[in-house]
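Input: a single structure, listed below in structure tokens.
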Amino acid sequence: MRACVAVISGLLLCACAVRDSFVDAGARVVTAGTWQIERQPDPITRAPLSSALLKGTSSHSNELFPLPAALQLSCFKDRPIVAFEFSFKVGTTPNSFLGYRFDERPGRDINARFLHTAQRVVIEDPAELAQFVRELASASVLYIRIRSLNAGRTTAEFRVAGAAEAIRAAFADCPLPPEPSRRGKTS
């Protein structure tokens, strides 16, 4: 019996020692609305890292039931990005496109990059990113649609209340690109 207790205790201690606190950020998460905002230092550079994550639901033309989806705002290589993640394939860059609409505002199709697994879509173009984030800051609901020749249709809905605070936190250390100037605008 003592040997069994010793083995179990040893395994538990090993499990605690192996898990890196950088990967398991649960203690450093705060919320804004339904957003989960994480801020922690990079263990290598000690520079602050931050992101904001929001869970939503998605539907796909090949699935019978709604599935989880995620929206993440973060800095990657000192550049802001917006990423959507799904538990199934949604498309590839040459054969798919992303459209979105906030609340009842007009929607738009944009250029986005579909990552290798075909389950993650990233908005990284500076002009597209600036407009998306500007609209996100004051919205209540985000609805996205992905059309793909090789992966069917996907939709997702996110309740984005609290986005302004999530945007400030996620992009605190990698500022958003300035909005493009509008030619011909008079004051």
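Coordinate-derived values only; no laboratory data. Note that this is a predicted model, so its numbers are computed, not measured. Glycine gets a Cβ as well: all are built from the backbone with ideal geometry, and neighbour counts include every protein chain shown.
A few notes on this one:
- Across the options 54, 106, 137, the greatest Cα extent toward the positive end of the charge dipole of region 27-170 (unit charges at beta carbon of Lys, Arg, Asp, Glu) belongs to 54.
- Largest-first ellipsoid semi-axes for region 92-147, taking √(5λ) over the Cα gyration tensor eigenvalues, angstrom: 20, 12, 9
- Contact order normalised by residue count of region 21-117, Cα under 8 Å, 6+ apart, percent: 14
- Alpha-carbon spread of region 42-148, three principal axes, descending order, Å: 45, 30, 26
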